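The values are calculated or read from the model by the stated rules, or taken from the named source; none is laboratory data. Bear in mind the structure is a predicted one, so any value in this text is a computation, not a measurement. Ideal geometry is used to build each Cβ from the backbone, glycine not excepted, and the neighbour counts take in all protein chains shown.
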Amino acid sequence: MKIALIQINFILLCSIALFISGCGNKLQIETEYSKATHFDEFKYYRWHQGNTPQDKKQAQATGNKAAKKEKEIDPLLDSNIRFMIEQQLAKKGLVKREEGVVDFLVNYSISTHNQVDVETQKVYDGYSTTYQSVGGYGYGYAGGYYRGVAVTMDVQPVNETLVERYVQGSMTLDFIEPDDNKLIWRATGDKRLPYDHPDQQERDALINKVIGKLLAKFPPK
């Protein structure tokens, strides 16, 4: 009976660990938009120049350090991200226009933060407490051959500390009203990333995937 309890606790612990890992790696997307704007009529856009309008809540959430980090994007990477965004917008029938009247302006920002999670949990460790001689032959637990020995198991909780290092990445895509520079649509994606930096191909594939997920929320319904 106690052996079965050990097995159940071990399976449960593994299931919880996999569930937490899966949830932590999932891309979380939040959107906000102006309900007074007719997004279905949008056709032309161009890139926004200057500071992006931010509400107070967003400014407090990012902070000065995050804002500084967002401005330190490598120029070549910035060019590639803009190209990927333009490709995704083109799939939606939206056209970039360098001159003339446009329906909206586009801007993006990226930030990363190193994180450390420390968690203490109880792990149940089983060990034998008594041995008792019995008669007969046969096969025991896990196919082990035994003769005349019965083992009683006990369960003892042990505290274990788990330390996990990871990078919390965030990408925000903004659409801005061109006449008064007001924010009219925003989508933000947050994802837990590996602590080790991926290679360029993996990084670009992830960025392109995130852009697609963000723009899947546009136009708002």
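Name the residues in segment 73-102 that are under 22 Å from residue 201 (Cβ atoms) and outside any helix (DSSP H, G or I), would you?
73, 74
I want to confirm something. Restricting to segment 158-194 and keeping residues that are closer than 11 Å to residue 32 by Cα and among the aromatic types (Phe, Trp, Tyr), which single residue is surrounded by the most Cβ atoms within 10 Å (Cβ to Cβ)?
Per the stated criteria, the residue is 175.
Out of all the residues in segment 84-98, is one or more touching a helix residue (DSSP H, G or I) at 6+ places or on another chain (Cβ under 7 Å), at pLDDT 95 or above, surrounded by 11 or more Cβ atoms within 10 Å (Cβ to Cβ) and of a type in the set (S, T, N, Q)?
Yes, segment 84-98 contains at least one residue that is touching a helix residue (DSSP H, G or I) at 6+ places or on another chain (Cβ under 7 Å), at pLDDT 95 or above, surrounded by 11 or more Cβ atoms within 10 Å (Cβ to Cβ) and of a type in the set (S, T, N, Q).
Across segment 170-196, what is the number of residues that are in a strand (DSSP E or B) and under 20 Å from residue 89 (Cβ atoms)?
13
Whether any residue in segment 35-48 is in a helix (DSSP H, G or I), within 23 Å of residue 182 (Cα to Cα) and modelled with pLDDT under 60 is what I want to check.
no
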